[in-house]
Protein chains: 6
Amino acid sequence: MTDFLRSGGRAADQLRPVRITRGFTIHAEGSVLIEFGQTRVLCTASVEEKVPPHKKGSGEGWVTAEYGMLPRATHTRGNREAAKGKQSGRTQEIQRLIGRSMRAVFDLAALGERTLYLDCDVLQADGGTRTAAITGAFVAAHDAVTKLIATGALAASPIRSHVAAISVGIVQGTPLLDLEYVEDSACDTDMNVVMTGAGHFVEVQGTAEGAAFSRDEMDQLLALADKGIAELVQLQKQALQIA
Amino acid sequence: MTDFLRSGGRAADQLRPVRITRGFTIHAEGSVLIEFGQTRVLCTASVEEKVPPHKKGSGEGWVTAEYGMLPRATHTRGNREAAKGKQSGRTQEIQRLIGRSMRAVFDLAALGERTLYLDCDVLQADGGTRTAAITGAFVAAHDAVTKLIATGALAASPIRSHVAAISVGIVQGTPLLDLEYVEDSACDTDMNVVMTGAGHFVEVQGTAEGAAFSRDEMDQLLALADKGIAELVQLQKQALQIA
Amino acid sequence: MTDFLRSGGRAADQLRPVRITRGFTIHAEGSVLIEFGQTRVLCTASVEEKVPPHKKGSGEGWVTAEYGMLPRATHTRGNREAAKGKQSGRTQEIQRLIGRSMRAVFDLAALGERTLYLDCDVLQADGGTRTAAITGAFVAAHDAVTKLIATGALAASPIRSHVAAISVGIVQGTPLLDLEYVEDSACDTDMNVVMTGAGHFVEVQGTAEGAAFSRDEMDQLLALADKGIAELVQLQKQALQIA
Amino acid sequence: MTDFLRSGGRAADQLRPVRITRGFTIHAEGSVLIEFGQTRVLCTASVEEKVPPHKKGSGEGWVTAEYGMLPRATHTRGNREAAKGKQSGRTQEIQRLIGRSMRAVFDLAALGERTLYLDCDVLQADGGTRTAAITGAFVAAHDAVTKLIATGALAASPIRSHVAAISVGIVQGTPLLDLEYVEDSACDTDMNVVMTGAGHFVEVQGTAEGAAFSRDEMDQLLALADKGIAELVQLQKQALQIA
Amino acid sequence: MTDFLRSGGRAADQLRPVRITRGFTIHAEGSVLIEFGQTRVLCTASVEEKVPPHKKGSGEGWVTAEYGMLPRATHTRGNREAAKGKQSGRTQEIQRLIGRSMRAVFDLAALGERTLYLDCDVLQADGGTRTAAITGAFVAAHDAVTKLIATGALAASPIRSHVAAISVGIVQGTPLLDLEYVEDSACDTDMNVVMTGAGHFVEVQGTAEGAAFSRDEMDQLLALADKGIAELVQLQKQALQIA
Amino acid sequence: MTDFLRSGGRAADQLRPVRITRGFTIHAEGSVLIEFGQTRVLCTASVEEKVPPHKKGSGEGWVTAEYGMLPRATHTRGNREAAKGKQSGRTQEIQRLIGRSMRAVFDLAALGERTLYLDCDVLQADGGTRTAAITGAFVAAHDAVTKLIATGALAASPIRSHVAAISVGIVQGTPLLDLEYVEDSACDTDMNVVMTGAGHFVEVQGTAEGAAFSRDEMDQLLALADKGIAELVQLQKQALQIA
C-alpha cells in the first residue's frame, strides 16, 4: 500500500465509519438506515403473501429489490425517475444486482410462497450506494424473517448465510477499499464485490474506467474486498446482536 | 368541541408534536426533515441557474415542487412510481399544490432568472403528508434563499411571507385539527388549508368524503386551521431562529 | 358589489346564459351538451355491467369520470394528450374532482355492481369547464339512471341529491360569479365550489393566484357560489322536467 | 345493382344525408361539423407560424392531421386514448391518411413556413368517420386559408384542388356507396377512396375482410366512389358558397 | 412502357431477383429469409397454444404479425423503436397490413385455438420491405403449418390460398413493377398490392405522393401488380417444392 | 479439467466454432455477422457527425451501443421490446456493457466530435450473445474507422487495442469456456469477461447463480477466459487481415 491521502485520514484498506440503525421507520417488517460515511441508504423489507407469476404454485417464495435515489441525494439535483416515467439503466442494473445478491443467501423453498421486497432508497450519496444497499438490505431482510418466525408464519429461517458488499478500486495506482465519490470519480478501475459470510463470492463486477487492469491488480482488489466484507459481516452481526 | 379520544390524549384542536430538523442532508441548498407526529417528510430545496421555457427571458424566476412517497412509507407497500412509469393523479395533485403554495409567497422577479426546486419525499406516512411537506418546504426554501444572499447571488430575499399548511376534518361529528391516518380514514369531511404568516388564505381544499358539509361546519374547520397554522408559523420561526 | 364591467353587461352575481341539451348524441345512456356562455362541454354517461377490482364482490357500484379538451377548444391549439401519451396533471385533477363530486350524491350500494362512466369533453372553452362538466354530468347521470330504472335493472334511483358546481373569484377587488376566461386570467383568487341540491358543500377549492385572500373575501365568495348553484340546480330540474 | 335494403330506403349508390356546418366552434381558424347521416365529426383547422424540424428553413409549410374519437362516440364505450397513454394503430393509420390527403391538394411552398393542423374529432360514429373527416377537414382548411388571405398573411391560396373521400364496399354481393356501421360490419370488401375535385385518385385503400375480391368488383367500387365524391365536392362548394 | 433506365438493366415490368431461403434460423416453426434485390427481410412463424382474449372460447385461432427494422437497415441510421419506447405509425400500419393479409388466406376455425405470430424483421432495406415481408411470411407460415400437421396437432391445412404482395408505381410517367428505394423516393404514385394465388385482391393501397393519378394509370398499375404477384406465387411454390 | 460431455465433443476449454463475416449488410460503415456456434449476432457500426449533449464542444467523440434480440431468436418467442414500449433491464445492462467495452479501447479525443453507434442485434441465440456482440462489434467498429481514415475524416486510428469477450462458468463442478444455452441454464457460476488484445481486463462480471464460488474457482475461470480471449483476438485479426 502507498501513502495515498484519504478523507478523515483513513488508510487505503480501511472502511469508512459504518452505522446501521434498525427500526428507522415504523411500518415495514424490516427497516434499516445504513451509513457508509456520508452515504446513507434507507433499506426496508416488506413481506407480501403472494408470489410473482413465475413462482405461482411452485411452493417457493421470491426475494426481489428496488432501488431509488432521492433527486437531491447528490451534489447536483438529478431528475426524478417517477416524473421522467422511467428508471435509468443504472437504476435497473443496481436493483437487479441487489435482488440477485439477496436470493443468493435465501432458501426460497424454506421461505414458502411469499415475496420479500427490499426497497433501497438513497437519502444521501457519497459513493458506494449499491454496496451499502446490499449490506443494509440483508439486515432489514433478517429483521423481517425474525418477525415471520415470531408470528409462526415460518418455523425456521430461510437465510443460509450473511451477505455484504463493498467497492474497491485503483486510484492513482493505489488499491483502495470502500471508495467515496471523489475517489470513485478519479479511479481507473472500479469493482463491486458481494460475498457471503463464509467468504465466498456472490457477485464480482469490475470495470476499467480508464486503463484496463492486470491480473495482479485484480488479485489485490479481491484481497481488499475480502478484508472489508469480513468486517461488514461483523458489523451486521453486532447490529443484529447475533455476534 | 366534544370529547373525542385522540392518540396521545391530544385535544381536538391540538397539533401533533412537530419537529423541524434543518440540514438533514448535506448536498442540498436547503434540507429539512419535518415531522408531524409519525409523519416524516424530507424537504430539499435545490437552486438551478436556469428557468423553464415559459419564463425564459422574462427576468423572473420559478419555484416548483415534486412530491414522492417511498414504497414502504405506508402500512402496506405501495408500488414505486418510477417502476410503474408514471406518477399517480394523487401525486401530481399534491406536487402542484406545494408548488402553488410556495409561489404564493415568492416574488419571482426578485428571485431572478433561476429555479428553486422543492423535493418533498415522504419517508414515513401517518396522515397529513402534504401539509407537512408545505410547512417543511418553506423552511428549506428559506435556507436556500439565505445561501443565495450569503453568496451575493441575491441582494434581498424574494420571500414575502411565511407559508404553512394543516389538515382539518370532521370525525364522528367532531372538528379535529391535524388528522392522523386513522382519523383521516374515518372522517366525513377533510380539508387542507394553506395560509400565509399574515393569516391569509393561499389554498383551501375541502372534500366531503361522506355526507356533504354545511356552512357552519366549514366555519368551524376554517377557525381550527387558522389556529393551527399560526402555531406552525411560530415553529418555523423558531427553527429558523428568526422569531 | 362594485360596478365591474362584464361581457354582455351581466352583473357580478349573475350566471352566464346556461343551456342544457339532453340527447345530444345517440349512443350513450345519457348525453348532455351543457353551455355556460361560450363554454361548451359534452357530458356522456355510460353504464358498464362490471366494477373495478376494488369494488368486486362488494355489492356496490362505482361512479367515475374522465375529462378531456379537444386540441382547438381554446384560443391557441393545445397538444393532444393522446398523442403526447399522457394526461396532464390539470386533466387528472379535474377528472378526479368530477368523479368525487358525482359519488358524493350516489348511493353506491343502491347502484349495484355496475360502473357509471361520466365522460366530459370540452368542445369549446371560455372558463369554467370543470364546473360546467360537473353540472352537465349530473344530468347525463340522471338520464342513465332513468334508463336503468325503465329497463328494470334498478328498482329505485341511487341518486340522493342534485349536485352542481360554479366558479367564483375576485377580479380587481370585485367578487364575481361564474368567471369567463378573461376574468379567470385576471383574477387574484379563484374558487370552484361544488354543492348539493340541499345547499351543502361537496368540494371547495380556492386558490390565491395573486395575493392571498382574507376570511372576509372567502365569505363573500361562498355566498356568491351558494346563489349560483341554487340557480343551476333549478336549471337542471327544468332540463330534466322534474321541477 | 341489386335490391339490397338500406336504412332510410336509400339506393345502393346514394350518399347518406350530408350536412356541413361551418363556424361550429369559435376559436379555430376553420371549424366545421360534418355529418354523414349519424356520423358526426368536428374538424378544426389551426394555423401555427412555425414548421416541424424537417421543413425548417425550406421555405415550405406543412399540413398535418390528428384524429380522435370521444370514448362514447360508439355503441359501447371505448377506452380514452389519452388515459391509456397511446394512440391505437387504427388512430395513427387514419390520421396519417387524413394528413396525406390534405397535403395532396396543398402547394406547400405557396403556404409559406407555417403549419396547418387539422384536428378531426368524432363526436358520434356510424361508419365512415375517416371519409367524413377528410371531406370536412378540407372545408375547415379552406376557411383557414381564406382567413390568412384576408389578413394579408397569404397573397394567394395554396389550395390546388378540392379533396373529398368516401367509403364503398360489397355487402352480400351488392356494391354500396357510403357504408353505415351495420353495413361496414357485414361487408366482405371495404374500400376508402380519396379523390380530388378533378376526379383523380389521391388514396385508394381496399381491404378484403372476407373473401378476396375480383378485378371486376374493384371496377364497380371505383365507379361508385367516383360518383359519390363528385357529389361531395359539390356539397363542399355549396357550403363554401363557391359553387 | 417507355425506356426508363433501372438498376441492373431490368425492364419496367420485371421483378428484382427474388431469393427465398427457408430454415434461415433454427428455433422458429417457420423461418424464411426473403430477398427482393437488396431488400432482405427475416420472417419467422411462431406457434403459441393460446389465443388473444377476443378469440378465447371461440374455437377459432388467430394469425397476427409484427414488423421491425434494424436501426442500420437503411442508408442512415434510424432510431431503435425499443429505445424510443414506441412503434412509429408507419411500423404499426405495416404490421397491421401483414396481419390482415395473412388472415385473408387462413381458415381460423381450421387452425384451432392457437396463435400464429409472423415476425418480419428487415435486415437490409432497399424499397418494398412490406411486400417482401408478406411474401416471405406466407412461406414461413406454410412451414409452421406443415410442422403442426406433422406432429398431428392439425389434421389438415388451414391455408386456403397463397398470398403475395408487390409494389408498383409511376416514376417520371412510367409505370414500374417492384420499386427500389431510389425509385420509390422519386415516384409520384406508389401502390402496394396484395393478392391471392387465385389472382384476387386482398389489399390495394395506392397513394399519390405527388400529382393525383388517373383511372387509366390505376388500371396500368393493377395489371403490372397482377403480373408480378403471379410470378411471386410461382417462386413461393418452388421454394416450398409444391409447384 | 474433467470429462464433462459437451455438444460436438468439444473440450472444456475449447471455444465453439467462431465465424466472422464482414460486410454482411451494405449500408452501415461497418457490418459484421458474428457466430459463436449457433449464436448469431449482427453488429453494425454507424458514424454520425455529432455528439450527445455531454460531449458537445469537448473536442471528444462518443462510442455507444444498443442491443436487441429478434422475438424468435430464442427457443420460445419473446415479446418484442418495441411493442411493449420499453427495453428490459437485461437489455439495458447488456448494451451498457458493450458500450463501456468499446470505449475502453477508443481514444475519444482522437475520434473527434462524432459518434460511433454499435448496434448488436441477435438473430439467433444459443448462449453468449453479449460476448459475441462485443467481439463482433469491435470488428464492425474497426471497419468504420478504416472508412473514416480512407475518406480523410480521420488521420490516424483512435483504436488503441483489440477488445473481445467470452463467458466462462462452472457446470457440475467443471469450469467451462464459452457456455451454450443448455450449459448456461445448468451452471452454478457464470462469468463474462472482457479483455483487451494486451490481455488486460476491461470488465469482469461474475454471478453465483447457485452456490457462491470460491477464490480458487474464480482463478480457474479467469485463466480459461484469458485463453479464450487470446484466441478470439487472433480470429478478429484474421478476419481483418491484420494478423
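Since every read-out is calculated from the coordinates, none of them should be taken as a lab result. Computed from a prediction, not measured in an experiment: that's the story for all the values here. Backbone-built Cβ (ideal geometry, glycine too); neighbour counts: all protein chains shown.
Just a few scattered comments:
- Inter-copy spacing of E:Lys84 label points, which lie 7 Å from Cα along Cα→Cβ, given in nm from shortest upward: 2.0, 2.0, 2.0, 2.0, 2.8
- Summarised as an ellipsoid, segment D:109-162 has semi-axes of 26, 10, 9 Å, derived from the eigenvalues of the Cα gyration tensor scaled by 5 and square-rooted, with the largest first.
- Selection of trypsin sites (Lys or Arg not before Pro), segment C:3-103, meeting DSSP coil and at most 13 other Cβ within 10 Å: C:Lys50, C:Lys56
- According to the Kirkwood relation over distinct C-alpha pairs, the hydrodynamic radius of segment B:1-132 is 16.6 Å.
- Within chain F, percent of DSSP bridges classed antiparallel, to nearest 5: 85 percent
- Debye-sum result for segment D:157-243 in log10 I(q)/I(0), which assumes one identical scatterer on each alpha carbon, at q = 0.14, 0.17, 0.20, 0.25 Å⁻¹: -0.49, -0.68, -0.86, -1.17
- Cβ-Cβ FRET estimate between D:Gln234 and D:Ile149, R0 fixed at 22 Å, reported to 0.05: 0.40
- Nearest residue to the symmetry axis between D and F, taken on chain D by its Cβ, in whole Å: D:Gly85, 5
- Dimensionless Rg ratio for chain F, taking C-alpha atoms and the 2.2 N^0.38 Å reference: 1.01
- C-alpha long axis of helix A:215-240 to longest principal axis of chain A, angle in °: 50 degrees
- For chain B, size of Cβ-based charge dipole, Lys and Arg +1, Asp and Glu -1, in debye: 800 debye
- Here is the result for segment A:46-125: no chymotrypsin sites (Phe, Trp or Tyr not before Pro) lie in DSSP coil with at most 10 other C-beta atoms within 10 angstrom of their C-beta.
- Rounded to 10°, Cα long-axis angle of helix B:129-150 versus longest principal axis of chain B: 20 degrees
- With its label point defined 7 Å out from Cα along the Cα-to-Cβ axis, B:Gln220 lies at 2.8, 7.5, 7.8, 7.9, 8.8 nm from the matching points of the other copies, in increasing order.
- Distance between the modelled labels on F:Ser185 and A:Arg19, one decimal in nanometres: 5.0 nm (7 Å Cα→Cβ projection).
- The eigenvalues of the Cα gyration tensor, multiplied by 5 and square-rooted, give segment D:1-78 an equivalent ellipsoid with semi-axes of 35, 16, 14 Å from largest to smallest.
- In angstrom, the C-alpha Rg and Dmax of segment D:67-151 are 14.7, 45.
- Pairwise FRET efficiency - E:Ala109 versus C:Lys56, Cβ, R0 = 45 Å, nearest 0.05: 0.85
- The tail of the calculated P(r) for segment E:194-241, taken as Cα-Cα distances beyond 17 Å, holds 43 percent of the pairs.
- Rounded to the nearest 10 degrees, the inclination of helix F:89-103 to the longest alpha-carbon principal axis of chain F is 60 degrees.
- Dipole axis of segment C:85-172 (+1 Lys, Arg; -1 Asp, Glu on Cβ), positive-most option in C:Cys120, C:Ser88, C:Ile166: C:Ser88
- Here the protein assembly as shown is assigned +1 on the Cβ of each Lys and Arg and -1 on the Cβ of each Asp and Glu. Its dipole about the Cα centre then comes out at about 0 debye.
- Candidates per GluC sites (Glu not before Pro) in segment B:10-59, loop by DSSP, up to 13 other Cβ within 10 Å: B:Glu49
- Position B:Gly173: other-copy label points at 4.6, 8.0, 8.0, 8.4, 9.6 nm, ordered by increasing distance, label point 7 Å along Cα→C-beta.
- A Cα-only calculation for segment A:46-90 places Rg and Dmax at 15.8, 47 Å.
- Counting, for every residue in C:187-200, the Cβ atoms of other protein chains within 10 Å of its Cβ and taking the mean gives 2.
- Rounded to the nearest 500, the helix-only mean residue ellipticity at 222 nm of the protein assembly as shown stands at -10000 deg cm²/dmol, with each DSSP H run of n ≥ 4 adding -39,500 (n - 2.57).
- Anisotropy class of the protein assembly as shown from Cα gyration tensor, a/c 1.5 cut: oblate
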